[in-house]
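The values are calculated or read from the model by the stated rules, or taken from the named source; none is laboratory data. This structure is a prediction, so every number in the text was calculated from the model and none was measured. For neighbour counting, all protein chains shown are included, and Cβ atoms are generated from backbone atoms with ideal geometry for every residue, glycine included.
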Amino acid sequence: MLDKFGRNINYLRLSITDRCNLRCKYCMPDGCDMVAHEDILSYEEFLRLTRLFTSLGVEHVRVTGGEPLARKGAAGFVRALKALPGVKKVSMTTNGTLLEKYAAALAEAGLDSVNISLDTTDPALAREITGSDGVVDAVRGSIALMRSLGVPVKLNAVLLAETAGTVTELARFAEEGVPVRFIELMPMGVGRFERGYDPDAALAELKRVWPDLHAVDARIGSGPAQYYASAALKAPIGFIDAVSHRFCSSCNRVRLTSRGFLKPCLCFDEGADLRALLRSGAADAEILGEIEKCVFNKPRQHCFDSPQDMTESRLMSQIGG
Ligand code: SAM
Ligand code: SF4
């Protein structure tokens, strides 16, 4: 599916819930409003829409949230996605804390890869960021478990002012063969009130430990990370710095929120209310037309550098990252 700038949109992110067992300070504050259960798309509705997207060329589907594993039946949903014609890859983004319970079912369902989010290996800092105890140990266990089941794992870490000086410890997962990606804090939702850590400063910090770190042309998954390799690392370290290094010209993704709102760009609240169409009894052809129109009009680029132009006010937990 091409947009008006000729970008090929083949990657769909599904936020299957806005609920989460953690409260990361830059994502989902305590006391935020939750979407009513009846307003969240059923798995059947997600599957119908995904089938329509695949008929338009989407090949990779990522299941995210909120915390996707906080929704009952997530593994069964992965299995159903995998069975859709045209779906070449199903991945998940999770905070990893619930994987112990669901890892085997996800592997068995055919999950192709998992991105696990962890911002620091320091337990006290992790508690401060997520509001929960035991996150670091749980994530370490989940990474080992998923790898033992043969599901490729990547680690995602948001760069925060308070994690400056600690990124090396997290990057050591790459010594064990787990790609680590550092994500620049985006001024989305409550994230705009937090202070990020400059990706270039983080890279310099890493280069002090691995002086031979050098940019490589690796492409792992569907994301826009710039990867760096070192002879001492079994996996590369990536940076996803959407704010300071815009990569909109190669953006290949659209997002569907848990309410069934199709978002062509993170920054803007414009998009298509596919839930309203679904629930009004629209035929496939009508929904397809709306998807194509929305994707065609995907904005050229985000506007994080001019926050006054941002029209999106949803929390990241409602959008899915
Ligand atoms: N709960 C899952 C998790 O944490 O991986 C999936 C949903 S979460 C919204 C997806 C990703 O978005 C996480 O890696 C999270 O750290 C990231 N994220 C949330 N708010 C962000 C922000 N303001 N800037 C950059 N990344 C953010
Ligand atoms: Fe939950 Fe993920 Fe947001 Fe943290 S980043 S609050 S784990 S949805």
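Per-structure values
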read-out: Members of the stretch 161-190 found to be acidic (Asp, Glu) and assigned to a helix (DSSP H, G or I), listed by number; value: Glu162, Glu169, Glu175, Glu176
read-out: For Glu205: the one exception among (1) surrounded by fewer than 21 Cβ atoms within 10 Å (Cβ to Cβ); (2) more than 15 Å from ligand 1 (Cβ to nearest atom); (3) touching a residue at least 60 places away in the same chain (Cβ under 8 Å); value: (3)
read-out: Long-range neighbours under 6 Å by Cβ, at least six apart or interchain, first residue on the phi > 0 side of the Ramachandran plot and modelled with pLDDT of 95 or more within the stretch 39-67, second more than 16 Å from ligand 2 (Cβ to nearest atom) and not in a helix (DSSP H, G or I); value: Gly57/Met1; Gly57/Asn10
read-out: Residue list for the stretch 22-61, filter: assigned to a loop (DSSP other than H, G, I, E, B) and away from ligand 2 (no atom under 16 Å from the Cβ); value: Ala36, Leu41, Ser42, Leu56, Gly57, Val58, Glu59
read-out: Any chance Ile240 is farther than 30 Å from Ser42 by Cβ, surrounded by fewer than 16 Cβ atoms within 10 Å (Cβ to Cβ), in contact with a Pro (Cβ under 8 Å, 6 or more places away or on another chain) and aliphatic (A, V, I, L, M); value: no
read-out: Residues of the stretch 104-160 that turn out to be within 14 Å of ligand 1 (Cβ to nearest atom), assigned to a helix (DSSP H, G or I), touching a residue at least 40 places away in the same chain (Cβ under 8 Å) and of a type in the set (Gly, Ala, Ser), as a count; value: 2
read-out: Any hit, the stretch 22-36, residues being under 23 Å from Arg79 (Cβ atoms) and either free of Cβ contacts under 8 Å to residues at least 12 places away in the same chain or surrounded by 16 or more Cβ atoms within 10 Å (Cβ to Cβ) (or both); value: no
read-out: Selection within the stretch 62-83 - surrounded by fewer than 17 Cβ atoms within 10 Å (Cβ to Cβ) and part of a loop (DSSP other than H, G, I, E, B); value: Lys72, Gly73, Ala83
read-out: Residue under evaluation Ala232, criteria (1) of a type in the set (A, V, I, L, M); (2) touching an Asp or Glu at 6+ places or on another chain (Cβ under 9 Å); (3) under 19 Å from Asn156 (Cα atoms), criterion not met; value: (3)
read-out: Residues being surrounded by 17 or more Cβ atoms within 10 Å (Cβ to Cβ), more than 10 Å from ligand 1 (Cβ to nearest atom) and not in a loop (DSSP other than H, G, I, E, B) - total across the stretch 6-21; value: 3
read-out: Some residue of the stretch 253-262 being at positive phi, crowded, with 18+ Cβ neighbours inside 10 Å and out of contact with any Pro (no Cβ under 9 Å at 6 or more places or on another chain); value: yes
read-out: Ala204 being at pLDDT 90 or above, over 22 Å from His60 (Cβ atoms), part of a loop (DSSP other than H, G, I, E, B) and out of contact with any helix residue (DSSP H, G or I) (no Cβ under 8 Å at 6 or more places or on another chain); value: no
read-out: Residue ranges of helices (runs of 4 or more DSSP H) in the stretch 235-321 with at least 3 members away from ligand 1 (no atom under 15 Å from the Cβ) and farther than 23 Å from Gly57 by Cβ; value: none
read-out: The stretch 305-321, subset surrounded by fewer than 11 Cβ atoms within 10 Å (Cβ to Cβ) and not hydroxyl-bearing (Ser, Thr, Tyr), residue farthest from ligand 2 (Cβ to nearest atom); value: Gln308
read-out: Scope the stretch 191-201; condition within 19 Å of the chain's Cα centre (by Cα), in a helix (DSSP H, G or I) and within 16 Å of ligand 2 (Cβ to nearest atom); matching residues; value: Gly191, Arg192
